């Protein structure tokens, strides 16, 4: 396979707080190839947003990317790159789309200004050039009357339009990789679909790789070619998207899939995963999911599972890969048995 | 937007009218009138005569009516102590106060904003803690006392700057223009220094709080993610949005600046509106003092209007 | 209440300021009895006039041959009394005005705010001077009343803003639905929730009132003898001379120390009582704008 665009090796990002060390990202490794769209899935608190911020080195104190983490991009390790070079990469080679369009834009500058700023900050054009490109970009992301809109302020635009502006900002320098952190979560469902379609279009047009971060499996199904599932600061499963939906291996993924309300599937109650995500200052011992897992047995509480290969391109961090027969012994998860409160 | 401005203008006019009303009644309701001072063997008949001449024996409401009409004509009465029309006395003094207060506002805000930003970006550092302590100390100095100490130190003890007034009373007229300018500036230094010293703390603290509020915002993070250098993130993105509440603060602090001017002008013998007010006490100059209150308030109202305009220019969200 | 106190005492600065204020109160209470001189007695008129600090008179004597230290200690009583009484008055008036204006809403609120705007536009110092110009020989009580009635404007705006916010809360709605009379709603439900910024403002105001009273005396408009507040030591202070610096220096230090203590305490109180007040200094919410700076301080200049 060709050299991957981004290779993450053993990324660990810890937060040093008054309550202890929060191991938000605790040793994850994955790759993104050129032109690929990869989904990063998990509930809140699993570390996916922190992963995104880590790639761009946007993690602020008391957070810190730990030594030994590798983020290889363009032959350089982003984790140890000096700030000046990092800045050259941000927005130009790797850019980010954030979750909240309502607050992601500076309220006192025009939309056009903010998009053009990306160009000017990277010394890629004069003021007029930058503005012209910004207007053009607005058109590309599907905003009508772009020349007019460019002179407007964020509060004059709807949520969906603001998100398009944010995407325009992310793509104007034609980056190799765009990290989209829950780009549609704050939007109405119909707008969600539009934004996702926009992302797909742009990806095809410009050949950009996308790392799409979300907690919504439905979003993932539509857009990505490969899925990475995170839990407890670790990767617990990785698979091509069809595989994941057809034959998820890890019990957590299974739980997520079951929890998705699906049209056509009759059910009395929405299935949930009992218990709640543990705090990153205190990950459970051994398998981090074991107290919420319906299949767990003694080994799970004592031995930390590695990523077992399941099939081509499919790995899972679960001992069930080693002892598949245990899948038949379904039971109430420990957290329920203990009566632990959610 | 024009409608908004017109509305604000209308509001301000109402406020000015209210101010005149309040001033009139509050001052009148205080015990005593210009002719009731103790001491000096002036028989009551003479006092009554003067009361009659100035209309103080008429019913209060009628006096109020006449007063309002007079004010609208620009006639603020006659100043006993200065032997002239109150309006011309004030017209002479007001620009000097505007100069001093204007410069003080500019300086204290410029320094205060910079200090606040630096404190916020270095939160928790020794710089933050020490500068906060120093600023709180200066903030706690009474205006007049700070002015006195500065005058004492820099003008008397160390003879670095002139002790009083706007220009040198003896030689100014004989100097060439550039020397005159130097003289004016030299006379400005100490009063400005005193003024800024006691007001900068409030500005800095507010700015610091505003920045701490804004720095974790999403759009600040977006700016970083775009590759904007940290300086630009702080001074261009974060500060710009923090200026909006600072302008509001400016409007709120104006009365305090004018009040401070009374003491500072008195200590440094700066012949502005403030020292008019300060002197009027001793001289019991009723008309003058009433007028200073009203004029001072008008300055505040106008200042607030200008602050509003500035805010509209700075922040598009305000321009509904 | 206990928890608040504990959080307050956790601040080193708060501990310091409370200690200072305690010392001040003690000094004011028993100080005058410990000093061998009376506050007002003029000692040897000729020999002891304008004496610099010495062993007999640690802070020197003034132009009327009175011991500065003794006057300082006597003055502490009066100054503290003036400060606390005037501020108590201002806070009461201001809170009532703000509550009514905020709760009533509509046209009443609009009118009250217009009037308040007018009051807020008047520099407090100038207004007080204007009144004092006519007031021949103001008494201590008169000064307290004057300061008290001119210091409530900022608090009013604060309380009104808080009232507006609290008014919308569900529990107020519930109380209304239960038929609770307005006065009770204001007193039991709204007031406790808007009082926090008032406490902070009050603390900060004490210092600035003391300073203002001194300033007025400096201008010659202060309380006449024999009620010797710290302010009266500055009476007609134009006689300040470099050769008798101690006469104005020590009272000044006393005021600075007092104001500093109250300011620091006020800051700590603000941190402890309502950190959320520092939120959203955006645009026009009056309370969040005024809260970091005591409205009292703003009006004195």
With the condition kept exactly as written, say whether any residue in region C:276-293 is within 7 Å of chain B (Cβ to nearest Cβ), at pLDDT 65 or above and assigned to a loop (DSSP other than H, G, I, E, B). no
Would you list the helices (runs of 4 or more DSSP H) that sit entirely within region C:1-107 and hold 3 or more residues that are modelled with pLDDT of 85 or more and exposed (fewer than 13 other Cβ atoms within 10 Å of the Cβ)? C:12-34
Over region B:278-320, the set of residues away from chain A (no Cβ under 14 Å) and either more than 22 Å from residue B:17 (Cα to Cα) or without any contact (Cβ under 8 Å) to a residue 24 or more places away in the chain (or both) is B:278, B:279, B:280, B:281, B:282, B:283, B:284, B:285, B:306
Of all residues in region C:208-222 being in a helix (DSSP H, G or I) and more than 7 Å from every other protein chain (Cβ to nearest Cβ), which is farthest from the chain's Cα centre (by Cα)? C:217
Odd one out for residue A:152, checked against (1) outside any loop (DSSP other than H, G, I, E, B); (2) modelled with pLDDT of 90 or more; (3) surrounded by fewer than 20 Cβ atoms within 10 Å (Cβ to Cβ); (4) in contact with a helix residue (DSSP H, G or I) (Cβ under 9 Å, 6 or more places away or on another chain): (1)
Positions within region C:123-146 being surrounded by 24 or more Cβ atoms within 10 Å (Cβ to Cβ) and not in a helix (DSSP H, G or I), in sequence order: C:123
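Per-residue answers, yes or no, for (1) modelled with pLDDT of 85 or more; (2) assigned to a helix (DSSP H, G or I):
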residue: A:220; (1), (2): yes, yes
residue: A:228; (1), (2): yes, no
residue: A:238; (1), (2): yes, no
residue: A:244; (1), (2): yes, yes
residue: A:261; (1), (2): no, no
On the basis of being modelled with pLDDT of 90 or more and in contact with a helix residue (DSSP H, G or I) (Cβ under 6 Å, 6 or more places away or on another chain), does residue B:98 make the cut? no
When the residues of region C:239-264 are filtered to those that are modelled with pLDDT under 80, within 7 Å of chain B (Cβ to nearest Cβ) and part of a helix (DSSP H, G or I), which remaining residue is farthest from the chain's Cα centre (by Cα)? C:242
For region A:19-30, does any single residue satisfy the condition of being over 28 Å from residue A:274 (Cα atoms) and assigned to a loop (DSSP other than H, G, I, E, B)? no
Quick count over region A:71-119, residues being in a helix (DSSP H, G or I) and more than 9 Å from chain B (Cβ to nearest Cβ), is 8
Enumeration of residues in region B:126-160 that are in a loop (DSSP other than H, G, I, E, B) and surrounded by fewer than 18 Cβ atoms within 10 Å (Cβ to Cβ): B:158, B:159, B:160
If you scan region B:165-207, which residues turn out to be buried (at least 17 other Cβ atoms within 10 Å of the Cβ) and assigned to a loop (DSSP other than H, G, I, E, B)? B:166, B:168
Some residue of region B:213-220 being touching a strand residue (DSSP E or B) at 6+ places or on another chain (Cβ under 8 Å), more than 25 Å from residue B:14 (Cβ to Cβ), more than 11 Å from chain C (Cβ to nearest Cβ) and not in a helix (DSSP H, G or I): no
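Conditions (1) under 19 Å from residue C:94 (Cβ atoms); (2) within 13 Å of chain B (Cβ to nearest Cβ), marked per residue:
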{"residue": "C:111", "(1), (2)": "yes, yes"}
{"residue": "C:139", "(1), (2)": "no, yes"}
{"residue": "C:142", "(1), (2)": "no, yes"}
{"residue": "C:146", "(1), (2)": "yes, yes"}
{"residue": "C:156", "(1), (2)": "yes, no"}
{"residue": "C:162", "(1), (2)": "yes, no"}
{"residue": "C:189", "(1), (2)": "no, no"}
Consider residue B:210 against the criteria (1) under 30 Å from residue B:117 (Cβ atoms); (2) in contact with a strand residue (DSSP E or B) (Cβ under 6 Å, 6 or more places away or on another chain); (3) part of a helix (DSSP H, G or I): it satisfies all of them except one. Which criterion is unmet? (2)
Return the residues of region A:42-61 that are assigned to a loop (DSSP other than H, G, I, E, B) and more than 14 Å from chain B (Cβ to nearest Cβ); say none if nothing qualifies. A:42, A:43, A:44, A:45, A:46, A:47
So residue A:134 clears everything in (1) surrounded by fewer than 23 Cβ atoms within 10 Å (Cβ to Cβ); (2) closer than 21 Å to residue B:229 by Cβ; (3) more than 11 Å from chain B (Cβ to nearest Cβ) except one condition, right? Which one? (1)
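The values are calculated or read from the model by the stated rules, or taken from the named source; none is laboratory data. Predicted, not measured: the structure shown is a model, and the values here were computed from it. Please note: Cβ atoms are built from the backbone with ideal geometry, for glycine as well, and neighbour counts cover all protein chains shown.
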